[in-house]
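The values are calculated or read from the model by the stated rules, or taken from the named source; none is laboratory data. Note that the structure is predicted; figures quoted are calculated from it, not measured. Positions of Cβ are backbone-derived with ideal geometry, glycine not excepted, and every protein chain shown enters the neighbour counts. Protein only, heavy atoms only, side chains kept; ligands, DNA and RNA dropped before computing areas. Shrake-Rupley method; radii C 1.70, N 1.55, O 1.52, S 1.80 Å.
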Amino acid sequence: MGSLSLVDGDAHVVVQGIGPGDRPLGFLAVGTPEPLPHVAHTIVGSAAALLTLRSETPRSGRDLRAALAAALLGLPSPDRAVPGYPAAVLACADASVVDALEADPVGDRCLALPRPGHVVVIAPEADARRVAALAGGPVGTSEPAASA
């Protein structure tokens, strides 16, 4: 989606679509009493791009809970790969592990659930040490859980 600029009397409005492709998920609109300079249009476009990236984050709370429930019930995940078995459960004291998993390919094989004071991560046992290294703080690890 491109941008749209409108002028109505003394109102100057710039509208940018949020989301990829031709069907935006929402819009960012900025209105001012003066015409926006070129650099302001660039800033609005950058903000829309950042909001689009944020909208593409696959780990909303609802999606995470659905994937976790699927993993616990042995069902296919609705939106991403379920951690393979045998699996380990890690309790990570440092919440920055969520961002670290987003930036590391191992995160695609894990489910992370932020909780007050810690983050619970379900990971394939083969990846448990890598997740612990990404955690950057104290980590408690379960024994591997085999599938039933």
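Here are some notes:
- Modelled spin-label separation between Leu50 and Asp8, with each label point placed 7 Å from Cα along the Cα-to-Cβ direction: 2.8 nm.
- These residues, Glu34, Glu125, go from largest to smallest accessible area, 1.4 Å probe, as Glu34, Glu125.
- Close amide H partners of Ala88, meaning residues 5 or more places away or on another chain with modelled amide H under 5 Å apart, are Ala123, Glu125, Ala145.
- With DNA, RNA and ligands ignored, accessible area of Thr42 (1.4 Å probe; Å², nearest 10): 70
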